[in-house]
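A.B. asks: Take a look at the following structure, please.
The values are calculated or read from the model by the stated rules, or taken from the named source; none is laboratory data. Treat the numbers as computed from the prediction; the structure is a model and nothing was measured. Cβ placement follows ideal geometry from the backbone for every residue including glycine, while neighbour counts extend to all protein chains displayed.
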Amino acid sequence: MKKQLLILLLALLPFWTFSQTKPYLSLADAVRITEAAEAKAKAEGWNVVIAILDDGGHLITLKRMDGVQIGSVDVAQAKAKSAVFFKRSTKVFEDAMKGEGGSRIATLPHAVGVEGGLPIFKDGVIVGSIGVSGVTSAQDGIIAQAGIDAY
């Protein structure tokens, strides 16, 4: 009986020790980031789409403000996916594309060379990303940063 109990405890040990220990982006966090980004966009008179993804590139929240072109729905998500997959701002790719040989950036899967996508870190670990689309890329970046600043 003791041997069976020991085997059972050893079998269950990984489940106890590997519970949710890494930081993650909660729905409440995603909503707070989205609302802050939306507030910045409204304050500037800009209508945009705001997408928040988790660390696997999956959608948590999506907000499409009135009057925004439908194409920005996909663009915001693509910017966010690029930021989370590469753990950097999409502005890095935009700047790289302006340099010599920068067109190679366009061949990278999920790399978007347009500002407006930012990774979201918690305790030094990537937990998600934000993507904004609807105005100029620089304005998208300003709105995305406002969302990050609220986190």
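A.B. asks: Got a number for residues in the stretch 39-54 being farther than 13 Å from VAL68 by Cα and in contact (Cβ under 8 Å) with a residue 40 or more places away in the chain?
C.D. replies: Going through the stretch 39-54, the residues farther than 13 Å from VAL68 by Cα turn out to be 39-40, 43-44, 51-54.
Narrowing the set further to residues that are in contact (Cβ under 8 Å) with a residue 40 or more places away in the chain leaves 39-40, 44, 51-54.
Summing the residues that are farther than 13 Å from VAL68 by Cα and in contact (Cβ under 8 Å) with a residue 40 or more places away in the chain in the stretch 39-54 gives 7.
A.B. asks: Check whether at least one residue in the stretch 31-53 is modelled with pLDDT of 95 or more, more than 12 Å from GLY134 (Cβ to Cβ) and part of a strand (DSSP E or B), and report yes or no.
C.D. replies: Yes, the conditions are met somewhere in the stretch 31-53.
A.B. asks: What residue, among those in the stretch 79-136 that are among the acidic types (Asp, Glu) and over 19 Å from VAL49 (Cα atoms), is surrounded by the fewest Cβ atoms within 10 Å (Cβ to Cβ)?
C.D. replies: Kept after step one, since they are among the acidic types (Asp, Glu), are these residues of the stretch 79-136: 94-95, 100, 115, 123.
Going one step further and asking which of them are over 19 Å from VAL49 (Cα atoms), we end up with 94-95, 100, 123.
Values: GLU94: 20, ASP95: 14, GLU100: 5, ASP123: 7.
Among those residues, the one meeting the criterion is GLU100.
A.B. asks: Sort out which residues of the stretch 95-124 are at pLDDT below 90 and of a type in the set (D, E, K, R), and write them in order of number.
C.D. replies: Going through the stretch 95-124, the residues at pLDDT below 90 turn out to be 99-103, 105-106.
Across the stretch 95-124, the qualifying residue is only GLU100.
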